[in-house]
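Take a look at the structure below.
The values are calculated or read from the model by the stated rules, or taken from the named source; none is laboratory data. Just so it is clear, the model here is predicted, and its values are computed rather than measured. For neighbour counting, all protein chains shown are included, and Cβ atoms are generated from backbone atoms with ideal geometry for every residue, glycine included. Note: accessible area is taken over every heavy atom of the protein model, side chains too, but ligands, DNA and RNA are not part of it. Shrake-Rupley method; radii C 1.70, N 1.55, O 1.52, S 1.80 Å.
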Amino acid sequence: MNNKVAFIGEFPPPYGGVTIKDALLRDEFFNGDDFETFDLYAFKRAPLRFALLCVSLLRFILGADRIALGIGSNSRLDHLLRIISIAKGRSFLENVTIFMMGRELPEYLAANPGRLGDFSSVRCIYVESNSLITEFAGLGCSNARYLPNFRNGDGACEPKPVGDAVHFVFFAQVRPEKGIDTLADAALTLNAEGYADKFYIDVFGRVIDDYKTDFEHLVERVPNMTYKGLVDAASVNIYSILNHYDAAVSSSSWREGMSGSNIECKFAGIANIVSDAGFNSECVHDGVDGILVKPRDVVSLTAAMRSVIEDHDLLGLLKEESYKSRTEYEASAWKREVIEIVCS
C-alpha cells in the first residue's frame, strides 16, 4: 500500500463506546506502517496547548493521502469534515471514510440538509445497522455500508452449563432509562412468586450522579441483587467476567446505537435478554440467541426471566446460539473489506 492513511479519532481513557471502538479500529485495522492516528481527546487533556494542537491537526490532515474519521459528536464530525474540505479541496472528500458512532447522524443531516452534499461525497460511511443504510438512502446518501459493532475474538469463552440457580448480569450505565428499576421490580415479582433462591443478579456499571441514593435504596429492596461496581472493559478480559453468568438482562428504553454489551455477551457465551428498542433486534434474535422484551416493561421482563429460570435447557440453547453468532462480529471477518475501502 502506497497511500498514507490518517485516522482521526478519540481514544481511551475515558472508556466509552466511542473510544473503545476507535481503539479497536486502530489496533485491529489501522496498525501498519502506512497508518497514523491523531487523538482528538488531546484537546481536552491539554487545553493550554490548543493552538499547537490545531497546527498539528492541520499538518496531519495536509500530509494524508486517505483519511478515516471515528468521532463521537456529529457536530464535531461535521466541523472536521469542513476543515478537510477547505484544507484539501472538496474533491478530496472521496478519499475520506467515516466510521459512524451511535445512530443519530441521519437525524443530524435531516436537520442540516445543507451538509448532505459533503457527507454524500465521502467514500463511505460505515454504520452498525442495516436499517441505518435505509435511513441514509432516504436522505439521498447512497454511500453507507454495514460494519457491525465488532470485537476482537481473542479470549472468547464457550458457554458454561447452567447451574442450580440462574445468574443474571446487568452490564450498563446504571440509570432508569437503562432499565435498572424495571429489573429490580421484575426481581421482586419473581421473589414473591417463590423464585428467590433460583436466581441472582449482579450489577456492573457507573451509577449516574443524581441516581446514586435511589439506586442504593433499590438494591436494599432486592436481596438477590448485588452491585459489583465498575469494570474497565478496555484493560480486562470482559468475556471471562461475563462468562460466569448465564444471561445479560436489561429492558432499556435508551435510544442508542448497536449496544457493544450485546456483542460482548456473544463472545462471553451468554444469552441476551434485552428490550427491542434501538437496534437490539438486529443482533439479538428472539427465541434463538436471546429474548426480546418491551422497553422498561416489568411484565414482559419478568416473563422472560421466569422462562429461563424454569427451563434451563432453553437457557442452555440460547447461550450456545449466542456464542455461535459471535463470528459475524469478529474484527478479523471484516478487516480485508475495511482496508480495501479506506485505502484504495
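Just the residues that are open to solvent by 20 Å² or more (accessible area, probe 1.4 Å) and either part of a helix (DSSP H, G or I) or over 18 Å from residue 257 (Cβ atoms) (or both), please, taken from segment 103-112. Answer for segment 103-112, where residues must be open to solvent by 20 Å² or more (accessible area, probe 1.4 Å) and either part of a helix (DSSP H, G or I) or over 18 Å from residue 257 (Cβ atoms) (or both): 107, 108, 110, 111, 112. Residues of segment 116-148 that are of a type in the set (D, E, K, R), more than 24 Å from residue 5 (Cα to Cα) and open to solvent by less than 30 Å² (accessible area, probe 1.4 Å): none at all. Whenever a residue of segment 21-45 is polar (S, T, N, Q), its partners that are in a helix (DSSP H, G or I), lying with C-beta atoms within less than 8 angstrom and at least six residues away or across chains, give the pairs 37/26. Among the conditions (1) open to solvent by 30 Å² or more (accessible area, probe 1.4 Å); (2) in contact with a Cys (Cβ under 9 Å, 6 or more places away or on another chain), residue 258 misses just one, which is (1).
Residues in segment 275-332 that are in contact with a Lys or Arg (Cβ under 7 Å, 6 or more places away or on another chain) and on the phi > 0 side of the Ramachandran plot: 278 only. Against the test of being within 17 Å of the chain's Cα centre (by Cα), open to solvent by 70 Å² or more (accessible area, probe 1.4 Å) and in contact (Cβ under 8 Å) with a residue 24 or more places away in the chain, the options 206, 151, 221 yield a single qualifying residue, 206. When the test is whether a residue is under 16 Å from the mean Cα position of the chain (by Cα) and among the hydroxyl-bearing types (Ser, Thr, Tyr), residue 15 passes it.
Only one of the numbered conditions (1) at pLDDT 95 or above; (2) in contact with a Leu (Cβ under 9 Å, 6 or more places away or on another chain); (3) of a type outside the set (Phe, Trp, Tyr) is not met by residue 206, and that is (1). Restricted to segment 269-300, and to residues there that are β-branched (Val, Ile, Thr) and closer than 26 Å to residue 160 by Cα, the residue that is surrounded by the fewest Cβ atoms within 10 Å (Cβ to Cβ) is 288.
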